[in-house]
Amino acid sequence: MEIVILAVVIALVAIGAISGLVVSSRRKKQLPPSGPSSTPTITAPPAEPHVGEEAETPRDEPRRTIEEVGLPEAQAPTAPGPQAPIVTEPVPPVEVPEPTAGRLVRLRARLSRSQTTLGKGLLTLLSREHLDEDTWEEIEDTLLTADVGVAPTQELVERLRERVKVLGTRTPEELRALLREELLALIGTEADRSVRTDGGEEVPGVVMVVGVNGTGKTTTTGKLARVLVADGRSVVLGAADTFRAAAADQLQTWGERVGARTVRGPEGGDPASIAFDAVKEGIAESADVVLIDTAGRLHTKSGLMDELGKVKRVVEKHGPLDEVLLVLDATTGQNGLVQARVFAEVVDITGIVLTKLDGTAKGGIVVAVQRELGVPVKLIGLGEGPDDLAPFEPEAFVDALIGD
């Protein structure tokens with residue numbers, strides 16, 4: 001019996017020792033952290049949609065009819081608030097140009113700046129007590145320096161020689177009267193210097209303005225429009241200068257000042273087409289005059305000169321040109337005569353406009369250019385003002401040259 005009890009006790013002790021060893025080994029193991037795992041979660045990419053035979057059968061989804069869709073409730077209209085005022089650009093008033101009658105007389109002070117070389121110079125030489133050959137050579141040089149030209153100078157000197165010899169005693173008043181008479185004879189007082197703008201019964205008068213670059217053609221055309229408006233004529237402007245940038249804008253500005261419409265085209269367009277449309281518009285509006293501003297061109301460029309002839313021919317499809325005005329810079333002197341000769345061969349010049357005659361220009365160019373072309377000077381420009389273009393009046397011109 002004792003042996004059995006002893007065996008049971010040994011067995012219990014052995015079971016307890018084994019159990020202790022198992023528990024201690026489990027405590028030595030580290031448990032995993034209870035927080036979230038730092039390993040990134042990898043998800044599979046969404047499946048691409050299938051087409052054709054692999055496409056899924058569409059699922060039936062509930063849909064609503066138009067009647068079942070509710071509309072938003074109408075809101076009561078609100079009273080309109082104050083609207084911002086509409087601002088319009090002010091329309092510039094139409095200017096009233098100065099009347100042309102006596103305009104050259106009013107501009108006499110500017111013209112008299114040219115008298116030092118021609119008028120006063122001649123009077124000073126003629127007032128000498130003894131007019132010997134040296135004095136007459138000085139008189140001849142004075143005339144040539146004033147751009148009178150060789151042939152007119154020789155004619156004037158010969159007549160002055162004869163008149164002075166017959167006159168004998170010479171007072172300043174007699175010399176002035178003598179010189180005035182001879183200069184008027186040299187310039188000529190019988191020519192028709194009016195700008196022809198009458199046109200026909202159903203066709204307006206057509207004036208074409210030509211010249212080389214830099215002579216002031218566009219400005220002269222705009223000023224001429226003012227002269228015509230001042231005389232009670234209605235005007236349409238044709239901006240056929242399509243080569244110079246902003247030439248059409250410049251001409252349009254001149255026209256807007258006096259209420260004249262400007263017909264223009266794209267920059268670099270066909271000048272002849274624009275000139276044709278301008279005359280057509282003048283006929284439609286029953287205008288009195290159409291002024292056509294052409295592009296400046298060098299007289300040595302035959303292609304450009306041929307194009308100028310084309311403009312003239314196209315315009316004449318409506319009727320004959322009434323006036324072709326050549327604009328010359330009076331300060332160019334004898335060089336301007338070469339230009340004038342070439343232009344006259346292409347477009348049959350009927351009148352001359354001399355610009356920039358108020359400064360360093362010499363009054364003798366009036367005589368020279370008329371002799372060269374056989375056509376009269378009809379207009380002269382005496383300044384930068386809008387009304388500084390004046391009809392040429394020989395008497396007022398000579399009076400300004402020789403002074404009082």
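The values are calculated or read from the model by the stated rules, or taken from the named source; none is laboratory data. Since the structure is predicted, the reported quantities are computational estimates derived from the model, not experimental observations. With ideal geometry, Cβ positions are generated from the backbone for all residues, glycine too; neighbour counts draw on all protein chains shown.
Does E281 satisfy the condition of being free of Cβ contacts under 8 Å to residues at least 60 places away in the same chain and part of a helix (DSSP H, G or I)?
Yes, satisfied.
Which of the residues that make up the stretch 230-278 are within 17 Å of V195 (Cβ to Cβ) and more than 16 Å from the chain's Cα centre (by Cα)?
A230, D231, G232, R233, S234, V235, V236, V258, A260
Please name all residue pairs, on different chains or six or more residues apart, with Cβ atoms under 7 Å, provided the first residue is in the stretch 303-323 and is touching a residue at least 60 places away in the same chain (Cβ under 8 Å) and the second residue is loosely packed, with under 15 Cβ neighbours inside 10 Å.
Filtered contacts from the stretch 303-323: G319/G200; D322/D198.
Are there any pairs with C-beta distances below 6 angstrom linking a residue in the stretch 188-205 that is among the basic types (K, R) to a residue that is assigned to a loop (DSSP other than H, G, I, E, B) and surrounded by 17 or more Cβ atoms within 10 Å (Cβ to Cβ), with the two at least 6 apart or on different chains, and if so which?
As it stands, the answer is R193/P376; R193/F392; R196/D322, since those pairs meet every condition given.
Quick check on L357: is it within 23 Å of the chain's Cα centre (by Cα) and aliphatic (A, V, I, L, M)? Break it down into steps so the answer makes sense when it comes.
On the way: within 23 Å of the chain's Cα centre (by Cα): no; aliphatic (A, V, I, L, M): yes.
It is false that L357 is within 23 Å of the chain's Cα centre (by Cα) and aliphatic (A, V, I, L, M).
Does T197 satisfy the criteria of being more than 20 Å from L104 (Cα to Cα) and either of a type outside the set (S, T, N, Q) or in a loop (DSSP other than H, G, I, E, B) (or both)?
yes
With (1) in contact (Cβ under 8 Å) with a residue 40 or more places away in the chain; (2) surrounded by fewer than 18 Cβ atoms within 10 Å (Cβ to Cβ) as the list, and A246 as the residue in question, which single condition is left unmet?
It fails just one condition, (1).
I'm trying to understand the selection: among the residues of the stretch 166-184, which are without any contact (Cβ under 8 Å) to a residue 12 or more places away in the chain and in a helix (DSSP H, G or I)? If you could, list the steps in order and put the result at the bottom.
Looking only at the stretch 166-184, we keep the residues that are without any contact (Cβ under 8 Å) to a residue 12 or more places away in the chain, and these are 166-169, 171, 173-174, 177, 181.
Residues satisfying the conditions are V166, L167, E173, E174, A177, E181.
Within the stretch 297-306, how many residues are touching a helix residue (DSSP H, G or I) at 6+ places or on another chain (Cβ under 6 Å) and at pLDDT 65 or above?
Residues meeting the conditions: 1.
Output the residues belonging to the stretch 177-215 that are closer than 20 Å to R313 by Cα and β-branched (V, I, T). Talk me through it step by step, then tell me what you get.
Kept after step one, since they are closer than 20 Å to R313 by Cα, are these residues of the stretch 177-215: 196-200, 202-212.
The answer is T197, V203, V206, V207, V209, V210, V212.
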